[in-house]
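Working notes, beginning with the structure itself.
Here, each number is a calculation from the coordinates, and none is a lab measurement. This structure is a prediction, so every number in the text was calculated from the model and none was measured. Ideal geometry is used to build each Cβ from the backbone, glycine not excepted, and the neighbour counts take in all protein chains shown.
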Amino acid sequence: MLEPYQAVWCILTAVVYKTKKDLIKTLIRPTDTVLDVGFYGQGIQEGDENWPHKLLKTHASKVYGVDLELPDKYLDDPYYLKASAENFTFQESFDVIFAGDLIEHLSNPGLFLSSVHRHLKPGGRLILTTPNTFNLFNIAGKLANNEPATNSDHTFYFNSKVLKKLLEKNDMLVEEVSFLYDLGYTYKESSKKKLLNILYKLLSIFTDKFVETLVIVARAR
């Protein structure tokens with residue numbers, strides 16, 4: 001469980017991780033061997049201290065990575081593989097497979113989950129994050145426009161019920177559904193977005209329903 005300064009606490013519902021740093025610190029054990037799928041993207045530059053792959057390497061025993069767009073410097077490193085998230089093969093099995101803001105970019109999430117299932121140790125966990133379909137910013141965007149603004153590379157919207165069903169159909173058992181308050185991105189914001197941020201912060205004190213990002217932890221059956 002997170003300390004109060006590490007998380008936004010919801011009065012009516014479950015804990016919300018404040019940042020990916022808090023999520024990784026809480027869910028990754030020092031003995032874990034971790035595969036980070038789609039590790040080189042995730043919206044934060046490699047040199048940033050909050051880069052999720054760097055945070056994983058800080059907290060886990062061993063960390064591997066797979067990405068379709070792998071920089072040259074990783075190509076000869078046995079811990080890294082240039083491959084699609086939907087079809088990858090390592091000789092290693094993993095305690096944890098981490099997929100941060102990945103599944104909403106895929107063409108075939110079921111193929112990704114099949115690859116995950118093949119590579120998890122008995123009792124191993126999949127930890128994934130993905131935008132919450134019904135977060136405050138999407139709802140506000142839908143009210144103001146025909147559709148909310150979205151990443152041009154996204155192929156899916158997910159909520160917790162749909163993700164649970166998708167995971168069940170791929171022999172995964174969901175153990176935790178929680179939320180992530182802040183992705184850690186920095187960019188120029190409009191005055192409307194700044195006002196929404198204030199409302200977002202206030203609502204998050206009372207409920208997780210409108211929090212920006214879903215966190216799912218599942219185990220292979």
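Looking at the chain alone, DSSP beta bridges between its own residues are antiparallel in about 45 percent of cases.
Once Rh is set to the Kirkwood radius over Cα pairs, what Stokes-Einstein translational diffusion coefficient, in µm²/s, holds for the chain at a temperature of 25 °C and a viscosity of 0.890 mPa s? Don't skip to the end; give the middle numbers.
Numbers: Rh = 18.0 Å.
Approximately 136 µm²/s, per Stokes-Einstein.
For the stretch 30-129, what class follows from the C-alpha gyration tensor (a ≥ b ≥ c being the square roots of its eigenvalues): rounded when a/c is under 1.5, otherwise prolate if a/b is larger than b/c, else oblate? Rounded, since a/c falls under 1.5.
With each run of n ≥ 4 DSSP H residues scored as -39500 (n - 2.57), what mean residue ellipticity at 222 nm is computed for the chain after dividing by its residue count and rounding to the nearest 500 deg cm²/dmol? Don't skip to the end; give the middle numbers.
Working: 6 runs with 62 residues, N = 221.
Per the formula, -8500 deg cm²/dmol.
Find out how many positive minus negative residues lie around residue 109, taking Lys and Arg as positive, Asp and Glu as negative, among other residues whose Cβ is under 12 Å from that of residue 109.
Overall, the nearby charge balance is 0.
Straight-line reach from residue 169: taking Cα to Cα under 19 Å and skipping same-chain neighbours fewer than 8 places apart, the aspartates and glutamates in range are 86, 104.
With each label modelled as a point 7 angstrom along the Cα→C-beta vector, the residue 46-residue 155 pair spans 2.6 nm. Placing dummy labels 7 Å off each Cα toward the beta-carbon, the span from residue 118 to residue 62 is 1.9 nm. Here residue 194 is the anchor, and the aspartates and glutamates within straight C-alpha reach of less than 17 Å, apart from those fewer than 8 places off in the same chain, are 182, 212.
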